[in-house]
Amino acid sequence: MEKKYDVIVVGELNVDLILNKINGFPKIGTEILSEEMEFTLGSSSAICASNLSSLGLKVGFIGKLGNDIFGRFIIDKLQEKGVDTSMILMDYKLKTGVTVALSYEEDRAMITHQGAMSSLSVDDIDPDHLKQAKHVHFSSYFFQPGFKDSLHLFFQKAKSTGATTSFDVQWDPSEKWDLNLEEVLPSVDIFIPNKVEIQNLTGHTDVEAAINSIQNKSKYVVIKCGTEGSMLFYNGIQITKQSFIHDKVIDTIGAGDSFNAGYISKYIQGKSPEECLVFGNLMGAISTTKPGGTAAFKNLADIMQIAKNNFNYSE
Ligand SMILES: Nc1ncnc2c1ncn2[C@@H]1O[C@H](COP(=O)(O)OP(=O)(O)OP(=O)(O)O)[C@@H](O)[C@H]1O
Ligand SMILES: [Mg+2]
């Protein structure tokens with residue numbers, strides 16, 4: 001049976017209020033001005049879903065919003081990017097999540113109110129929805145306490161529909177890193193953390209030891225290493241691919257989520273692990289050429305033109 005979606009992304013949703021060009025961070029009891037302000041679609045999961053859709057894939061989203069002005073803004077922005085929002089739950093009793101970011105020169109301070117994202121749980125996920133996807137991606141475990149101790153049940157549900165699965169754990173704001181990987185990874189085909197996340201999760205500062213401790217638990221372990229590119233481990237094989245270094249970096253917001261979109265898009269086309277890794281690096285690099293995580297991605301033809309002109313990449 002033809003599946004309705006290439007990918008369903010399950011994860012957190014929030015708006016970002018970014019205050020740029022401030023004159024230092026405010027002290028308690030004072031008020032300062034910011035010269036620039038942006039109000040955008042936030043969240044790793046939404047950036048990944050938007051960029052998968054810009055790459056030409058059929059993408060659906062499962063998440064939770066308040067039935068409020070921010071929730072409706074998020075729905076609009078996802079739809080503009082071509083993401084199917086019909087499975088997103090909107091609840092009058094909840095508030096949509098918000099991140100306020102203060103950008104001071106190279107530094108950022110952020111505060112997130114999780115709101116509705118904290119009440120999405122495995123019980124909200126309808127297996128009939130997952131059945132319609134070739135691939136299911138989950139992101140940002142620690143921002144969604146509704147999945148605490150039940151993430152393995154979510155991935156088992158996804159696998160039981162015949163879909164392949166991927167998991168980007170993302171940062172833990174509490175820095176406790178309390179997640180039972182042994183339980184979760186057997187139902188994850190592609191585990192895609194970054195280097196610092198895998199070190200924290202496994203308790204190994206040595207990256208090799210960190211990888212060894214989880215190798216073969218999921219089919220592919222992919223580690224994102226910023227400007228150092230990325231690494232892939234599977235069946236005892238290691239592949240390392242350099243990043244597409246360039247001198248026009250605007251910001252690195254969403255580089256990891258763009259990497260995920262690139263990697264997954266090639267994976268579901270059945271491409272080799274090398275091709276998936278290189279395309280992930282390419283999407284990460286393209287993301288850094290525009291502010292935020294989605295601005296650099298319009299449609300497949302435009303993305304491939306940027307890849308050719310700026311990064312000497314063609315297929
Ligand atoms: N400055 C950069 N120049 C070129 N490519 C980059 C740059 N930063 C990141 N990338 C590419 O994007 C990929 C993912 O970025 P990164 O390793 O920062 O992921 P992450 O830490 O998960 O990011 P995020 O903060 O978005 O979650 C890298 O593996 C690399 O290929
Ligand atoms: Mg990341």
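Overview of values
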| quantity | calculated |
| --- | --- |
| Estimated Rh, the range 1-129: Kirkwood, alpha-carbon pairs, angstrom | 15.8 |
| Antiparallel bridge percentage (DSSP; both residues within the range 173-315; nearest 5) | 75 |
| For the range 74-88, Karplus couplings with θ = phi - 60° (6.51, -1.76, 1.60), whole Hz, Gly/Pro x | 5, 4, 4, 5, 5, 5, 4, 8, x, 7, 6, 9, 5, 9, 6 |
| Fluctuation leader among Ser44, Ser287, Ser174 - the chain, Gaussian network, Cα springs under 10 angstrom | Ser174 |
| Net charge of Cβ neighbours under 11 Å - reference Leu282; Lys, Arg +1; Asp, Glu -1 | +1 |
| log10 of Debye I(q)/I(0), alpha-carbon scatterers only, for the chain at 0.10, 0.11, 0.13, 0.14 Å⁻¹ | -0.53, -0.65, -0.94, -1.10 |
| Taking all pairs of distinct alpha-carbon atoms in the range 212-315, Kirkwood radius in angstrom | 13.9 |
| Most fluctuating residue given options Ser187, Ser86, Ser150, as computed from a GNM of the chain linking Cα atoms under 10 Å | Ser86 |
| Top of Gly203, Gly63, Gly284 by mean-square fluctuation, Gaussian network on the chain, Cα under 10 Å | Gly203 |
| Under 5 Å, built H, 5+ apart or other chain: amide partners of Phe138 | Val10, Ser166, Phe167, Asp168 |
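FYI, it's all coordinate maths here, none of it is from the lab. Keep in mind that this is a model prediction, so the values were computed, not measured. Positions of Cβ are generated from backbone atoms using ideal geometry, with glycine treated the same way; all protein chains shown enter the neighbour counts.
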